[in-house]
Amino acid sequence: MSLAASACMQSLMGTHFVYRFGSEELRRKYLVPALRGDLVTTFALTEPGAGSDLASITTRAERRGDRWVLRGTKTWVTNAPVADVLTVAAKTSGERGLKNIALFLLDRAAMRGITLGKSIDKMAVRGSVTGEILLDDVEVPAEHLLGGETGGVEKIGGILAEIRVMTAALSTGLARAAYESALAYARERVAFGKPIVEHQAIGFKLADMLTALHAAALVTYQAAARLDAGRPVGREAAMAKLLASETAVRVTDEASRILASYGLATEYPVQRYFRDARFLLPGGGTSEILRVVIGRELDWDRGQVFG
């Protein structure tokens, strides 16, 4: 999961905005090396006081001649300790709201004032580094503004469906790994004269886990198919991410219960799956936010539930 998290940041969020909104020169300078693996990228959005509530972002970008000057703090930035290039969301005015959010491409080696804050010691996805980024009057050339002084929220929203489908796929894969580990253990572990998989209590757990896993996979495939076809996918992506991430939490929990004490032992991967599943809950929107998104689109297709 750690490798997947870092790779997804590099291949999607970290490079998407320069690809979509950067000049040809910026693409040659940053996108091509990033695709080769010569540069590490990241996307810095979350702040100590702003997560789902983007209107609360306090990082400011002030225009000074042919440059922008950025000041603020970003946290929970995947790849932060190793990132060479950052896409940063900042407000271009002091007004509260969403219209004045813009995106800037920052070069850590070429721009002064970009420093690493504290690294976050996570219980999950420990192989993927996460930390804070401190911006202290960072001077950014005007051409590093990606797509205009406003509209950052719309640009971020344009990639949210992909992020949610991707996170749903990660969640489904993690749930499958936990299920397969629990099943293998249940076939091998003997109690009361027979493998515990033959005891109804364990069999019921595995049956529920497999059913939930298949449901999450199918919803994820449906959302991915709509995304590939260019169809509206906001609701389906939210449903896929909601169901799959919550399924990952439940399946890894049940897997840990099936292994009993061994579910806590580091010699078995189930304890890592159990921890990593929690990492998937906030990414791409918390379950609570996703329910809000789904609730707003209940009747967008006038009652058409499937298709």
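The values are calculated or read from the model by the stated rules, or taken from the named source; none is laboratory data. Small disclaimer: the values here were computed from a predicted structure and weren't measured. Note that we place each Cβ from the backbone using ideal geometry, even for glycine, and neighbour counts take in every protein chain shown.
Within segment 188-227, the set of residues being exposed (fewer than 14 other Cβ atoms within 10 Å of the Cβ), over 30 Å from Met239 (Cβ atoms) and not small (Gly, Ala, Ser) comprises Glu188, Val190, Phe192, Lys194, Gln200.
Listed here are the residues, each with its yes/no results for (1) outside any helix (DSSP H, G or I); (2) closer than 24 Å to Pro141 by Cα; (3) out of contact with any Pro (no Cβ under 8 Å at 6 or more places or on another chain).
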{"site": "Ala7", "(1), (2), (3)": "no, no, yes"}
{"site": "Gln10", "(1), (2), (3)": "no, yes, yes"}
{"site": "Gly14", "(1), (2), (3)": "no, yes, yes"}
{"site": "Arg20", "(1), (2), (3)": "no, yes, yes"}
{"site": "Lys29", "(1), (2), (3)": "no, yes, yes"}
{"site": "Val32", "(1), (2), (3)": "no, yes, yes"}
{"site": "Asp38", "(1), (2), (3)": "yes, yes, yes"}
{"site": "Thr42", "(1), (2), (3)": "yes, yes, yes"}
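For segment 146-194, the tally of residues that are in contact with a Phe, Trp or Tyr (Cβ under 8 Å, 6 or more places away or on another chain) and free of Cβ contacts under 8 Å to residues at least 40 places away in the same chain stands at 0. Tally time: how many residues in segment 84-118 are hydroxyl-bearing (Ser, Thr, Tyr) and loosely packed, with under 15 Cβ neighbours inside 10 Å? The qualifying residues number 1. In segment 236-262, the qualifying residues are those that are among the aliphatic types (A, V, I, L, M) and either surrounded by fewer than 24 Cβ atoms within 10 Å (Cβ to Cβ) or outside the structural domain of Ala215 (by TED's automatic domain parsing) (or both), and the one that is farthest from Ala201 (Cα to Cα) is Met239.
The lone criterion from (1) more than 24 Å from Glu246 (Cα to Cα); (2) within 21 Å of the chain's Cα centre (by Cα); (3) without any contact (Cβ under 8 Å) to a residue 12 or more places away in the chain left unmet by Ile133 is number (3).
When Ile133 is tested against the conditions (1) surrounded by fewer than 13 Cβ atoms within 10 Å (Cβ to Cβ); (2) in the same structural domain as Lys91 (by TED's automatic domain parsing), the lone failure is (1).
A count restricted to segment 134-176 and to residues that are of a type in the set (A, V, I, L, M), closer than 16 Å to Met9 by Cα and in contact with a Lys or Arg (Cβ under 6 Å, 6 or more places away or on another chain) stands at 1. The set of residues in segment 247-271 that are closer than 24 Å to Thr172 by Cβ and small (Gly, Ala, Ser) comprises Ala248, Ala255, Ser256, Gly263.
So, in segment 70-102, exactly how many residues are assigned to a strand (DSSP E or B), more than 14 Å from Val40 (Cβ to Cβ) and not aromatic (Phe, Trp, Tyr)?
Here the count works out to 12.
Number of residues in segment 103-129 that are over 16 Å from the mean Cα position of the chain (by Cα), of a type in the set (Ser, Thr, Tyr) and in a loop (DSSP other than H, G, I, E, B) equals 0.
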